[in-house]
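Here's the structure we're looking at; comments come further down.
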Amino acid sequence: MESKIAVAVDDLTVAYNYKPVLWDIDLSIPEGVLMAIVGPNGAGKSTLIKSILGIIDPIAGSVAIYGKPYVKQRDKVAYVPQKGSVDWDFPTTALDVVMMGTYGSLGWIKRPGAKEKKRSLEALEKVGMLAFKNRQISQLSGGQQQRIFLARALVQNAAIYFMDEPFQGVDATTEIAIINILKELRKAGKTVIVVHHDLQTVPEYFDWVTFLNVKHIATGPVKDIFNDDNLTKTYGINYKVAVQQ
Amino acid sequence: MDITQYFTDYTLRTITLGTAVLGAICGMLGSFAVLRKQSLLGDAISHAALPGIAVAFLITGAKDSNVLLLGALVSGLIGVFWIRGITTKTHLKTDTALGLILSLFFGFGMLLLTYIQKQPNANQAGLDKYLFGQAATLVESDVLLMVTVTGISLLVMLLFWKEFKLLLFDKNYAMTLGFNTKFIDGLISFFIVLAIVIGLQTVGVVLMSAMLLAPAAAARQWTNRLSTMVILAAIFGAFSGVFGTAISASQNNLSTGPVIVLVAAVFVIVSFLFSPERGIIFKQIRLIKNRRDLQLKKTLYFMYDIVRDHDDISRPHAIRILNSFQGFTKKTLSKLEEKNWITIQGQNWSMTADGFETAANLYNNNIPES
């Protein structure tokens, strides 16, 4: 199972205004895992994903997707940004947003056609949002907006999925729906990397975990490394009470 | 001036065509500015164009409008680059950068204009028309330029429609898909600058941003589709140009630019008041209706609470037991009956199957309302 390395990060360092946000990160993520990235606020979790995806320029270091630079492997990667990163009052519909997932494979100028529409509708169905396809996106609830973003990434039909806090501000129904889709993706052999905040659900949802707090603390199977020692190293306080069930 | 003269007068026809085309291109590109949350960028650019006009005149010594507009284009673009530079390289926010560039360039432009006016050379008179615009000076070649620029920007917009939409909605995502966002961003900015520059002669530096924003803001009220918004904004802009020109032509000495802007403002006011979905008036009406509706549903739910303790949902209950519940009136009862949710027999009411189902699903958000 751990034969291929899907994502390899080497000496990655990122800084905003002189202050390092990520410091010398080395990270290997094997193919086919469902991995959580955990760490306190300001630990650089989102920044790590954004630098892997080339949205943020790192000061130093490199990233390889299946052994090649990201720019050559875009079609293998899908991204679900934080829900709050866009203006949901934008004049467009749910289906239209999902169709944006097909733009990458279309390339410049070419417009999406019937094939792209069909794929987008299928993705909408998968996240349980088909009934809302013509809804203006501002009229969707937070959970529904998150599902739309997930559907947009599903349309990309990638090998690796990066998700930035997909469970933020969604209700229990949506959370379960999303995690089921993520588990399905893993079953299909995809690699799913999720910035996650709720430590309680890590053992239940994920099989791998990365501890991050500016520096890389640990990466490995949840059953091996999700322990009090690593939690204390990451959060600075004793989390034993919080995670024992 | 009577109406036949309006259509036969060559000058007036030229001006009308010019302002219509100008309104259309500004509305079209203004939609992008508004959706990029860069409404004030237009204002900064138009003010930043002023020193370019002055410098172009100082270099060439001629008042050829094409040359002056080229100067305006160059200095407008420099303004945009500086605004970008300030926001990316310093801690200053965009609004501060816009304000700085606007006043700096405008101040410098005014300085140059006063200097030019002091020159002992008769040629300089009339440069100040670029401050407030003077549609009357539009000639055929100016209009031709406007039509050409509009055609090109329409072509570019249609070509890169998908990319523009993606960038406007989610720039980071566009980046991960492999689109060169700097290029798309630059393209949009370039055409916005172009639209502003060709409008300076007609509307002027000071009011130009209104041409960009007013039609777009009005159009946003009527639609939830980007394509419809852009088309509507172009139509609103064109009509503002035509009406504005007509009004200023029929009243002596009314300067055209400000009238066009005022007409555009009327479009905005009407849209903000009367658009069915986002307009203030219909929103208020909906609010009142929703409150009444909620009151009704509250009563229905109260009835549902009583009914569901019994096996037979249509079992009659005395109206009197509702009295303790606030908000119940004869009117609400008859309204409920009207909706077929309950039936009334004498002093008793009983719930229908329809009413029972409505009440049961009242607080279920997962079923989309048609």
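Across the protein chains, with a 1.4 Å probe defining accessible surface, the residues B:Ser240, A:Ser46 rank A:Ser46, B:Ser240 from largest area downward. Legend: P(r) of the protein assembly as shown from all alpha carbon pair distances, 20 Å bins from 0, whole percents, reading 17, 37, 31, 14, 1, 0. Inter-chain neighbour count for A:105-111: the average number of beta-carbon atoms from partner chains within 10 Å of each residue's beta-carbon is 4. Solvent-accessible surface (1.4 Å probe) assigned to B:Leu138 amounts to roughly 10 Å².
Look at the dipole of the protein assembly as shown built from charges on Cβ: of B:Val80, A:Tyr70, B:Ser314, the Cα furthest out on the positive end belongs to B:Ser314. Were the residues from B:Tyr363 through B:Asp64 laid out at 0.36 nm apart, the gain over their Cα-Cα distance would be 100.8 nm. Mean residue ellipticity, 222 nm, helices only, chain B: the sum of -39500 (n - 2.57) across DSSP H runs of n ≥ 4, divided by residue count and rounded to 500, is -23500 deg cm²/dmol. Dipole of segment B:132-215 computed with +1 at Lys/Arg Cβ and -1 at Asp/Glu Cβ about the Cα centre; of B:Ser189, B:Val206, B:Leu145, farthest Cα towards the positive end is B:Ser189.
Taking every residue in A:91-104 and counting other chain Cβ atoms within 10 Å of its Cβ, the average works out to 5. When only the Cβ of Lys, Arg, Asp and Glu is charged (+1, +1, -1, -1), the dipole of the protein assembly as shown relative to its Cα centre reaches about 460 debye. Computed over segment B:3-275, relative contact order equals 33 percent, with contacts defined as Cα pairs under 8 Å that lie 6+ residues apart.
Diagonalising the gyration tensor over the Cα atoms of segment B:3-275 and scaling each eigenvalue by 5 before taking the square root yields semi-axes of 29, 25, 16 Å, largest first.
Since only B:Leu287, B:Gln134, A:Leu48 are under comparison, the one whose Cα sits farthest along the positive direction of the charge dipole of the protein assembly as shown, derived from C-beta charges on Lys, Arg, Asp and Glu, is B:Leu287. Label-to-label distance for A:Lys68 and B:Thr87 is 3.5 nm, based on points extended 7 Å past Cα in the beta-carbon direction.
Applying Stokes-Einstein at 4 °C and 1.567 mPa s to the Kirkwood radius of segment A:140-245, computed over alpha-carbon pairs, gives a translational diffusion coefficient of 87 µm² s⁻¹. Neighbouring Cβ atoms from other chains, within 10 Å of the Cβ of residues in A:45-54, number 1 on average. The sum of -39500 (n - 2.57) across all DSSP H runs of n ≥ 4, divided by the residue count of chain A, sets its helix-only mean residue ellipticity at 222 nm to -9000 deg cm²/dmol.
Note on B:Glu277 and A:Asp171: their simple-model spin labels are 2.3 nm apart, each label 7 Å out from Cα toward Cβ. Between B:Leu254 and B:His310, the simple label model (points 7 Å from Cα in the Cβ direction) yields a spacing of 7.0 nm. Once all protein chains are placed together, A:Lys133 keeps about 70 Å² accessible to a 1.4 angstrom probe.
Pairs from the list A:Lys133/B:Lys165; B:Lys93/B:Lys162; B:Lys298/B:Lys331; A:Lys190/B:Lys171; B:Lys297/B:Lys331 with a Cα-Cα gap above 22 Å: B:Lys93/B:Lys162; A:Lys190/B:Lys171. The magnitude of the dipole of chain B, with charges of +1 and -1 set on the Cβ of Lys/Arg and Asp/Glu and taken from the Cα centre, is near 780 debye. The three principal axes of the Cα atoms in chain A give end-to-end lengths of 51, 40, 40 Å, sorted in falling order. Judged by the mean number of other Cβ atoms found within 10 Å, the most tightly packed of the peptides A:124-132, B:354-362, A:142-150 leads the ranking A:142-150, A:124-132, B:354-362. Rounded to the nearest 10 degrees, the inclination of helix A:114-126 to the longest alpha-carbon principal axis of chain A is 50 degrees. A 1.4 Å probe, protein heavy atoms only, puts the accessible area of B:Val74 near 80 Å². About its Cα centre, the dipole of chain A is roughly 920 debye, where the only charges are +1 on Lys and Arg Cβ and -1 on Asp and Glu Cβ.
Computed over Cα pairs, the Kirkwood radius of segment B:281-360 leads via Stokes-Einstein (1.567 mPa s, 4 °C) to a diffusion coefficient of 100 µm² per second.
The values are calculated or read from the model by the stated rules, or taken from the named source; none is laboratory data. All values derive from a computational prediction rather than experimental measurement. A quick note on method: Cβ atoms are made from the backbone with ideal geometry, for glycine too, and the neighbour counts reach across all protein chains shown. Accessible surface is based on the protein model in full, side chains and every heavy atom, while ligands, DNA and RNA are left aside. Shrake-Rupley method; radii C 1.70, N 1.55, O 1.52, S 1.80 Å.
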